[in-house]
Amino acid sequence: MSVLNHPHSRIYLDHAATSWPKPEEVYRAVDYFQREVGAPHGRSSYREAMQSNRVVERARQGIADLIGVDHPKQVIFTASGTDALNLAIGGLVRPGDHVVTTVCEHNSVLRPLRALQDSSSISVSYVPCDDQGSVLPNDIRRALRPNSRLVVVQHGSNVTGVIQPIESIAQILREHDAFLLVDAAQTAGHVPLNVQQMGIDLLAAPGHKGLLGPLGTGVLYVRPGVEQELQPFRIGGTGTRSGEDRQPDSLPEKYESGSHNLPGLAGLAAACDFLSDRTITKIHSQLTWQTNYLIERLEEMTSAGNAGLRIHGPVTSTAGSGSPDRTSVISLSLAGYDPQELAILLEASHGIQSRAGLHCAPRMHQAIGTLANGGTLRLSLGWSTTQQELDQTVQAFAALF
């Protein structure tokens, strides 16, 4: 059914999956590239090819500026956040290595690690979390071994919205040789990030969620010096050193074989400009207020005697305190409703679009006690969420009681 034929206006609360709508600048940039440029990057020197080069470098500089990177070439473009995580994990971990991660992680981390366990005899420790999804840095410390090569931690949970103490974890790893890989799928573009100040070695993120770019884009930040240890995941043509049959060692070519997704990067560059103008700090403040508002209104229903409604994760956010404790992801369950049933009902009766299920994070749902019930219903806010949409969402839940 098209949006025009939908019986209700579309209330999109699935920004944790992908942002929608995109800023108009993003649509225009993609359309302009497709219609007027259409040339590959790094392959030729005619006018449109040079435009393509500028598109890629503008996107690279834009991401570098947003996450606090001094040298844009340390920003690698990938096909998705999953692709970036696969590059980081597969490129660093060697047979016999030990990896520390958490039960909070997405399958984009869990499955590559499982594949390496099956094929390369690596070992993995899964650090537990509390019932809100929070991980204690000292549990990371206790899990480390002499052969620990990599620590992988999700910055913001795609289930409960909790934000993990990355700086404290990074401080622990300063005393150890392990690299720190941060999955910023739920925080890049939503929460201010500075990879240098936070002590991050590698940061992976999709371009299409909080960064507001098109689907099919992703980024991996590689701290200077880490590229000496990180093996390329994809080998092939780069448009440089074409007379050699060995992969270039220079950045970013070492990790960017094949033709770039130029329409996607054109949109991502425009999205970076949009985020720079709006500032991620202001966007985070807006999302924090809206998230707190929605949680408070939902909790009012619980205090009024509707005890069947439960929110999983922190109930307040603290933007401006210097240490935000949650993102704009709200996971909930309602007694008497299967999460999938609830999602279908909300969309059919009120046009509210959400996500239900395990959210590709089975260990997290097991940890918070929602695995046996099929997971949770997830409402995730974004830059375009309005006050009216929040009020309509509250009304929709009130109508269920």
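The values are calculated or read from the model by the stated rules, or taken from the named source; none is laboratory data. Since we're looking at a predicted model, the values are computed, not measured. No Cβ is skipped: glycine too gets one built from the backbone with ideal geometry, and neighbour counts run over all protein chains shown. Quick note on the areas: whole protein, heavy atoms, side chains included, nothing else; ligands and nucleic acids left out. Shrake-Rupley method; radii C 1.70, N 1.55, O 1.52, S 1.80 Å.
Of all residue pairs spaced 6 or more apart or on separate chains, those with beta-carbon atoms under 6 Å, a first member in segment 162-182 that is acidic (Asp, Glu) and a second member that is open to solvent by less than 20 Å² (accessible area, probe 1.4 Å) are 167/198. Identification of strands (runs of 3 or more DSSP E) wholly contained in segment 48-166 with 2 or more residues that are among the hydroxyl-bearing types (Ser, Thr, Tyr) yields 98-102, 123-127.
Every residue, every condition in (1) of a type outside the set (Asp, Glu); (2) within 30 Å of residue 278 (Cβ to Cβ); (3) at pLDDT 95 or above, yes or no:
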| site | (1), (2), (3) |
| --- | --- |
| 294 | yes, yes, yes |
| 304 | yes, no, no |
| 332 | yes, yes, yes |
| 362 | yes, no, yes |
| 373 | yes, no, no |
| 386 | yes, yes, yes |
| 398 | yes, no, no |
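Here's a check for you: in segment 349-363, which residue that is open to solvent by 40 Å² or more (accessible area, probe 1.4 Å) and assigned to a loop (DSSP other than H, G, I, E, B) is nearest to residue 82 (Cα to Cα)? If we take residues in segment 349-363 being open to solvent by 40 Å² or more (accessible area, probe 1.4 Å) and assigned to a loop (DSSP other than H, G, I, E, B), then 360 is nearest to residue 82 (Cα to Cα). Filtered by the rule that a residue be open to solvent by 40 Å² or more (accessible area, probe 1.4 Å) and not aromatic (Phe, Trp, Tyr), segment 324-348 gives 325, 335, 336, 338, 340, 341, 344, 345, 347, 348.
Number of residues in segment 175-194 that are crowded, with 24+ Cβ neighbours inside 10 Å and outside any loop (DSSP other than H, G, I, E, B): the value is 4. Between 109, 69, 75, which is within 25 Å of residue 54 (Cβ to Cβ) and open to solvent by less than 10 Å² (accessible area, probe 1.4 Å)? Checking each option against the conditions leaves just 75. For segment 211-261, a residue qualifies if it is surrounded by fewer than 17 Cβ atoms within 10 Å (Cβ to Cβ) and outside any loop (DSSP other than H, G, I, E, B), and exactly one does: 228.
Residue pairs whose Cβ atoms lie under 6 Å apart, separated by 6 or more positions or on different chains, with the first residue in segment 20-46 and surrounded by 14 or more Cβ atoms within 10 Å (Cβ to Cβ) and outside any helix (DSSP H, G or I) and the second at pLDDT below 95 and hydrophobic (A, V, I, L, M, F, W, C), are 39/49.
Quick one: is residue 69 more than 30 Å from residue 106 (Cα to Cα) and among the β-branched types (Val, Ile, Thr)? No, not satisfied.
Candidates are the residues of segment 265-298 that are within 20 Å of residue 328 (Cα to Cα) and charged (D, E, K, R); the one that is most open to solvent (accessible area, probe 1.4 Å) is 282. The listed residues are 363, 378, 355, and the only one of them that is within 20 Å of residue 187 (Cβ to Cβ), in contact with a Phe, Trp or Tyr (Cβ under 7 Å, 6 or more places away or on another chain) and not small (Gly, Ala, Ser) turns out to be 363.
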